[in-house]
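Down below is the structure, laid out as structure tokens.
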Amino acid sequence: MKTKKCARVDRARCVACGECVHSCRKRAMEIVRGCYAQADSKSCVGCGLCARNCPAGCIRICEGGDTEDA
């Protein structure tokens, strides 16, 4: 069985620039309270566009539905 992949954002490094939001074709990324990006695990397909376009390099694609780093 294939495990779902999803974007995970390192909140401490995120600069909330919105590049991930603009590059996500599934509209799975959002900026929360103007502070950091977050992926919706139900919408995210783990394609990696957000990670490739993130200037801060704070997004990675992980196995499973957990989308937040502490």
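Using the Cα centre as the reference, give the magnitude of the dipole from point charges on the C-beta atoms of the chain (Lys, Arg: +1; Asp, Glu: -1; all else neutral), rounded to the nearest 20 debye.
Charge dipole of the chain: 260 debye, to the nearest 20.
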Calculated from the structure, Rg and Dmax of the Cα atoms in Å equals which of [x] 10.7, 37; [y] 12.7, 47; [z] 14.5, 52? [x]
Mean Cβ count within 10 Å, highest first, over the residues of peptides 50-58, 36-44: 36-44, 50-58
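Bear in mind these aren't lab numbers, they're just calculated from the coordinates by the rules spelled out. Since we're looking at a predicted model, the values are computed, not measured. Every residue, glycine among them, receives a Cβ derived from its backbone with ideal geometry; neighbour counts consider all protein chains shown.
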